[in-house]
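Taking it in order: structure first as structure tokens, then the write-up.
What follows is calculated from the coordinates using simple rules that are stated; it is not laboratory data. Just so we're clear, the structure is a prediction, and the values are computed from it rather than from any experiment. A quick note on method: Cβ atoms are made from the backbone with ideal geometry, for glycine too, and the neighbour counts reach across all protein chains shown.
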Amino acid sequence: MQNAGLTHLVASLLIQRGFEEQEDVLGFLNPALSAMHHSLLMKDMKEAVVRLHQAIEDEERILVYGDYDVDGTTAVAMVASYLEGVGGQVETYIPHRYEEGYGVSMEGVRFASENRFSLMITLDCGTKDFESLHDAAERGIDVIVCDHHLPEDTLPEAFAVLNPKRSDCPYPFKELSGCGVAFKLLQSLAYRMDLPESGIYEELDLVAISIGADLVDLKGENRIMASQGLRQLRKRQRPGILALMRAADIHQAPQTIRDISFTLGPRINAAGRMDHAQRVVDLLMEKSDSRASEMAREIEEMNHRRREVDEATTNEALIQLEQAPEDSFCNIVHGTDWHRGVVGIVASRMIEHRYRPSVVLSEENGVLIGSARSVDGVDIHEALEACEDLLLQFGGHTMAAGLSLELTKLDTFKERLNDAVKTQLNGTHPKPIIRCDREVH
């Protein structure tokens with residue numbers, strides 16, 4: 001630290017944040033691509049890249065399948081664009097949020113089979129899709145999973161499962177976004193095909209957008225890829241990104257990850273929330289400026305509609321929240337036919353009004369489907385695990401999750417989740433934390 005050339009103030013701030021060795025400090029302040037871990041360290045990566053290379057050489061049909069959020073759509077656009085550029089026979093598939101739901105759908109597998117795809121790459125999903133991936137295997141489709149969600153004790157039936165959170169994965173950095181895991185696959189492919197590294201680094205603009213929207217930890221490789229991706233965004237915007245910025249009246253490229261979180265991220269998400277996320281994949285892959293402009297204007301209109309629905313649903317949810325017991329350890333509200341595209345946003349609004357983990361559910365035909373958001377000190381995924389027998393489906397991270405359950409089990413779910421959160425908090429209601437590195441006089 002003494003030889004890093006830092007002022008006493010900056011050095012003390014870095015020490016408080018856990019940086020003590022000069023190498024770590026320099027890596028934090030000057031994120032360099034050379035500090036990235038070799039992609040082949042990831043479990044199953046060698047097998048995955050050999051299979052992918054074979055598919056390209058043999059002109060097999062490859063289906064690039066991804067989740068409908070920003071992390072998934074940026075990953076699909078990135079992988080499909082790159083594979084097309086190296087000769088892959090590629091099509092993309094995004095499941096419909098409301099008709100197919102989260103993850104690898106049975107409809108998606110059937111589409112792959114009926115259209116003679118022999119290889120399927122799933123992005124930002126797949127780790128928990130046991131039934132659909134078994135069906136894919138039965139149909140003779142090899143599946144490469146690229147995901148970052150917490151796995152179960154067992155893994156699905158797939159040709160390869162690339163997920164740094166696997167208990168048996170030696171990859172040193174565990175907090176990659178889904179798009180980040182996909183980038184590592186492309187990095188390995190570039191090595192295998194002896195392609196220039198500069199080509200793969202041009203895709204980091206989309207990785208940076210996924211990092212900003214998915215709120216993964218901005219450290220380690222995420223910090224490196226975010227830094228380089230922001231630089232790429234400032235240097236050159238692909239037609240779809242430039243058109244999206246113009247449609248939103250944004251006059252300069254994002255300068256920080258926060259800029260992405262509040263500008264590009266919500267607009268990319270709007271397509272999946274209000275219509276179909278395939279539209280944003282098409283936009284991100286579009287090469288024509290005029291066509292991209294038309295597509296971007298449509299997505300901007302979707303974002304305006306999303307804001308209106310968000311406001312109306314939030315108002316209804318807050319009325320329920322005001323009537324709920326103040327001594328509860330979590331906020332749980334539900335409504336009939338609330339738009340599922342905004343329930344995650346509304347859950348975050350609930351936290352702003354009453355600082356508790358929050359669940360917002362929409363009832364449709366006796367089934368509740370929704371999202372959970374958490375606060376510091378509560379692992380919402382772990383809390384939902386305590387309710388697993390009551391849920392039809394759930395998945396997610398420490399701070400955010402999706403879930404569904406039958407309406408008849410709602411009261412029991414409320415009690416069970418409240419108890420699980422209370423246990424994590426040791427019976428003390430959470431309070432917002434304002435982190436202060438030091439006092440400035």
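Some notes on this structure:
- Beta bridges per DSSP with both ends in the range 310-441, % antiparallel, nearest 5: 75
- Of 184/219; 46/165; 165/235; 219/431, pairs whose Cα-Cα distance is over 23 Å: 165/235; 219/431
- Potential lengthening of the chain between residue 15 and residue 86 amounts to 21.1 nm, from the contour at 0.36 nm per residue minus the alpha-carbon distance.
- Scaled radius of gyration (Cα, divided by 2.2 N^0.38 Å) that the chain gives: 0.99
- DSSP finds beta bridges in the chain, and of those with both partners inside it, around 45 percent are antiparallel.
- Cα radius of gyration and Dmax for the range 169-282 (Å): 14.4, 44
- The range 376-438 versus the range 174-222: alpha-carbon centroid distance in Å: 31
- Residue 437-residue 408 pseudo-label distance in nm [points 7 Å out on the Cα-to-Cβ vector]: 5.6
- Fewest-first ranking of 57, 439, using other Cβ atoms within 10 Å as the exposure measure: 439, 57
- Dividing the Cα radius of gyration of the range 1-118 by its Kirkwood radius returns 1.20 for Rg/Rh.
- Taking other Cβ atoms within 10 Å as a rough exposure proxy, 127, 92 sort from fewest to most as 92, 127.
- With both residues required to sit in the range 251-370, DSSP beta bridges show an antiparallel share near 40%.
- MRE, 222 nm, helices only [DSSP H, n ≥ 4, -39500 (n - 2.57), over the chain, to nearest 500]: -15000 deg cm²/dmol
- Between residue 388 and residue 252, the contour length at 0.36 nm per residue exceeds the Cα-Cα span by 44.4 nm.
- Both radii were evaluated on the Cα set of the range 324-424; the Rg over Rh quotient, with Rh as the Kirkwood radius, amounts to 0.91.
- Charge dipole magnitude, Cβ of K and R +1, D and E -1 - the chain, Cα centre, debye nearest 20: 1300
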